[in-house]
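*Asks:* Questions regarding the structure given below will be posed in turn.
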Amino acid sequence: MEHNNHTDCASEHNATEADRTYSIGQLAEEFQITTRAIRFYESRGLIQPQREGTNRIYSRRDRGRLAIILRGKNLGFTLEDIAAYLELYSVDRSQRTQTEMLLDKVEAAIADLNRKKADLARTLNDLKVLRAECTAFLKTVDKT
């Protein structure tokens, strides 16, 4: 009997947690972004809160999508890439297609960053050579 009460409490907690909603201010504070940014993502169709009058009510799904959006932006993906990724989730619940697309984007991003890293290493080396030449020149000028 005690076990059933615990199970009932657990399922009640899960239902409550699944039904949890958030205000725009709560999400802005949690993710350390502006409410304007959240409204922008909404205007792009990336999140779709319910409305009660003028108030936006965000679901756990909206919160999860916002987390994906922000992570994608942080990793350098475009909003179009992120939108395509989110759209695939609605189409393929197994997430296989979504994961394949993400892997392709990740591989491309890694390749791009490796190119930039090589470019930065060359530039840094060139600047160090130039610094050494300038320092050597100034030493000769100071001696005259």
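*Asks:* Hey, can you tell me all the residues within the stretch 89-144 that are outside any helix (DSSP H, G or I) and of a type in the set (S, T, N, Q)?
*Replies:* Of everything in the stretch 89-144, those that are outside any helix (DSSP H, G or I) and of a type in the set (S, T, N, Q) turn out to be Ser94, Gln95, Thr144.
*Asks:* Which residues, counting only those in the stretch 99-129, are touching a residue at least 12 places away in the same chain (Cβ under 8 Å) and either in the same structural domain as Gln48 (by TED's automatic domain parsing) or basic (Lys, Arg) (or both)?
*Replies:* Hit for the stretch 99-129 is Lys105, nothing else.
*Asks:* Which one is nearest to Ala67 (Cα to Cα) among residues in the stretch 23-44 that are surrounded by fewer than 13 Cβ atoms within 10 Å (Cβ to Cβ) and hydroxyl-bearing (Ser, Thr, Tyr)?
*Replies:* Top of the filtered list is Thr34.
To keep it simple, each residue is scored yes or no on (1) surrounded by 10 or more Cβ atoms within 10 Å (Cβ to Cβ); (2) under 26 Å from Glu30 (Cβ atoms); (3) basic (Lys, Arg).
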residue: Thr54; (1), (2), (3): no, yes, no
residue: Gly64; (1), (2), (3): yes, yes, no
residue: Arg71; (1), (2), (3): yes, yes, yes
residue: Thr78; (1), (2), (3): yes, yes, no
residue: Leu86; (1), (2), (3): yes, yes, no
residue: Tyr89; (1), (2), (3): yes, yes, no
residue: Arg93; (1), (2), (3): no, no, yes
residue: Asn114; (1), (2), (3): yes, no, no
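*Asks:* Right, something else. Tell me the helices (runs of 4 or more DSSP H) entirely within the stretch 18-75 that contain at least 1 residues that are under 16 Å from Glu87 (Cα atoms) and either without any contact (Cβ under 8 Å) to a residue 60 or more places away in the chain or not charged (D, E, K, R) (or both).
*Replies:* 35-43, 60-74
The values are calculated or read from the model by the stated rules, or taken from the named source; none is laboratory data. None of the values given here were measured: they were computed from a predicted structure. Please note: Cβ atoms are built from the backbone with ideal geometry, for glycine as well, and neighbour counts cover all protein chains shown.
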